[in-house]
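Data block below; observations after.
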Amino acid sequence: HHIIVHTQVQKEQLLQKAGFKNLNIQVMPLGIDTTLFTPQEKDTEEINLLFVGRISRLKQIELCIQTLAYLLKSQDKKAYLTIVGPISDAAYFIELKALTAQLQITNFVSFVGSIEQEALVPFYQKATLLLLPSAHESFGMVLVEAMACGTPVAALKGAGGPDEIIAHTVNGLLSTKETYAKDILDFIETPQMQLKMGTNARQLVEQKWSLRKTEEALKASIEQVFITL
């Protein structure tokens, strides 16, 4: 009866293909539990950067490490990077560890490994900013989970899902690889921007990506089928 995708970007990509262009494709948001992922007051005396995802080249985690080094040199606050996620590319993981040593920031970077979803909540709540410099993200659940905790996200333009969710300097950052670290520094040095973007991020998730929104879309999807029977 119809095809379900999770982002408008996915829908538009499918409609460009010959086999899909005349089909009914609908967007169903991947909602999260906004009673579990909630904001808490953040420590403004230090910078806590967070990456959540597989350790894979596609995720471009080296940009997170390079950004941390840039912040440590460019401003006076203590800054840390926590990397949460399973190692899916051992060679790449070794390269990342070598990069932290080369930049002399090993003591400021923590590789936590894989943890359960509910255990992620304190990491999101503590983070000043979630870094998501992936070359491609179909949706990015971690993006919405972080935003629900009042933590803005810094992603790259053209990656896919983030383009649809993030409005630059409104509820997060959408940058190029070349401007990524500088845009984050501007964010760090503007406390009013941090507060505004965190509030806006939470509100957007409540409006568009809660479990209630997913339930409504799923119910509408099922009802459409039964109406045509």
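The values are calculated or read from the model by the stated rules, or taken from the named source; none is laboratory data. The structure presented is a predicted model; accordingly, all values stated were derived computationally and were not measured. Cβ sites come from the backbone with ideal geometry, for glycine too, and all protein chains shown count toward neighbours. All accessible areas refer to the heavy atoms of the entire protein, side chains included, with ligands and DNA or RNA removed. Shrake-Rupley method; radii C 1.70, N 1.55, O 1.52, S 1.80 Å.
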Check: Given the pairs Lys59/Lys182; Lys77/Lys157; Lys77/Lys97; Lys17/Lys157; Lys177/Lys208, which span a C-alpha to C-alpha distance of over 26 angstrom in this model?
Finding: Lys77/Lys157; Lys177/Lys208
Next item on the list: Only helical DSSP H runs with n ≥ 4 go in: add -39500 (n - 2.57) per run for the chain, normalise by residue count and round the 222 nm mean residue ellipticity to 500 deg cm²/dmol.
Entry: -13000 deg cm²/dmol
Notebook entry, point to check: Which aspartates and glutamates, on any chain, are close to Lys73 with Cα under 20 Å apart, when same-chain ones fewer than 8 places away are left out?
Noted result: Glu45, Glu46, Glu62, Glu178, Asp183, Asp186, Glu189
Next item on the list: Answer rounded, prolate or oblate for segment 150-229, using the Cα gyration tensor with square roots of eigenvalues a ≥ b ≥ c: rounded when a/c is under 1.5, else prolate when a/b is larger than b/c, else oblate.
Entry: oblate
Checklist line | Shape category assigned to the chain from the gyration tensor of Cα positions, a/c cut at 1.5 | finding: prolate
Notebook entry, point to check: Rank His1, His6 by accessible area, highest first, at a 1.4 Å probe radius?
Noted result: His1, His6
Checklist line | Rounded, prolate or oblate (a/c below 1.5 giving rounded, otherwise prolate when a/b exceeds b/c) for segment 47-134 by Cα gyration tensor | finding: oblate
Check: Using modelled backbone amide H atoms (1.01 Å from N, in-plane), which distant-in-sequence or interchain residues come within less than 5 Å of Ile25's amide H?
Finding: Ile3
Note to self: Just to be sure I follow the definition: excluding the sites themselves, where is the longest run in the chain that has none of the GluC sites (Glu not before Pro) in a DSSP loop with at most 11 other Cβ atoms within 10 Å?
What the structure shows: 46-115
Notebook entry, point to check: Which percent of the accessible heavy-atom area of the chain goes to carbon and sulfur, probe 1.4 angstrom?
Noted result: 54 percent
Next item on the list: Name the longest site-free stretch of the chain, where the excluded sites are trypsin sites (Lys or Arg not before Pro) in a DSSP loop with no more than 12 other beta-carbon atoms within 10 Å.
Entry: 22-229
Margin query: Through the Karplus equation 6.51 cos²θ - 1.76 cosθ + 1.60, θ set to phi - 60°, convert the phi angles of segment 203-213 into ³J(HN,Hα) values in whole Hz; use x for Gly and Pro.
Written below: 4, 5, 5, 4, 6, 10, 10, 7, 4, 4, 5
Notebook entry, point to check: Which parts of segment 114-150 would a label at Thr35 reach, counting a residue when its backbone N lies under 20 Å from a point 7 Å out along Cα-to-Cβ?
Noted result: 117-122, 125, 145-150
Check: Each residue of segment 158-166 in turn: what ³J(HN,Hα) in whole Hz from Karplus with 6.51, -1.76, 1.60 and θ = phi - 60°, glycine and Pro shown as x?
Finding: x, 7, x, x, x, 4, 7, 9, 8
Check: How many Å² of accessible area per residue for segment 1-58, probe 1.4 Å?
Finding: 59 Å²
Notebook entry, point to check: Heavy-atom accessible area of Thr44 with all protein chains present, probe 1.4 Å, nearest 10 Å²?
Noted result: 90 Å²
Item checked: Per-bin percent of Cα-Cα distances, segment 1-68 [10 Å] -> 15, 23, 29, 23, 9, 1
Next item on the list: Set the Förster radius R0 to 35 Å, insert the Cβ-Cβ distance between Ser74 and Ala167 as r into 1/(1 + (r/R0)^6), and round the FRET efficiency to 0.05.
Entry: 0.90
Margin query: Give me, ordered by chain and number, the residues 5 or more places off Asn171 or on other chains with an amide H under 5 Å from its own placed amide H.
Written below: none
Notebook entry, point to check: Stretch Ile115-Lys157 to full length: gain in nm at 0.36 nm per residue minus the Cα-Cα span?
Noted result: 12.3 nm
Next item on the list: Can you spot the lysines whose alpha carbon is less than 24 Å from Lys21's alpha carbon? Ignore those fewer than 8 places along the same chain.
Entry: Lys11
Next item on the list: Send over a whole-number figure in Å² for the accessible area per residue of segment 107-229, probe 1.4 Å.
Entry: 47 Å²
Note to self: List the residues, sorted by chain then number, that are 5 or more residues from Glu137 or on another chain and whose placed amide H is less than 5 Å from its amide H.
What the structure shows: Gly160, Gly161
Notebook entry, point to check: So what are the ³J(HN,Hα) numbers for segment 36-44, from phi and the Karplus equation (6.51, -1.76, 1.60; θ = phi - 60°), rounded to whole Hz, Gly and Pro as x?
Noted result: 8, 8, 10, x, 9, 4, 9, 7, 8
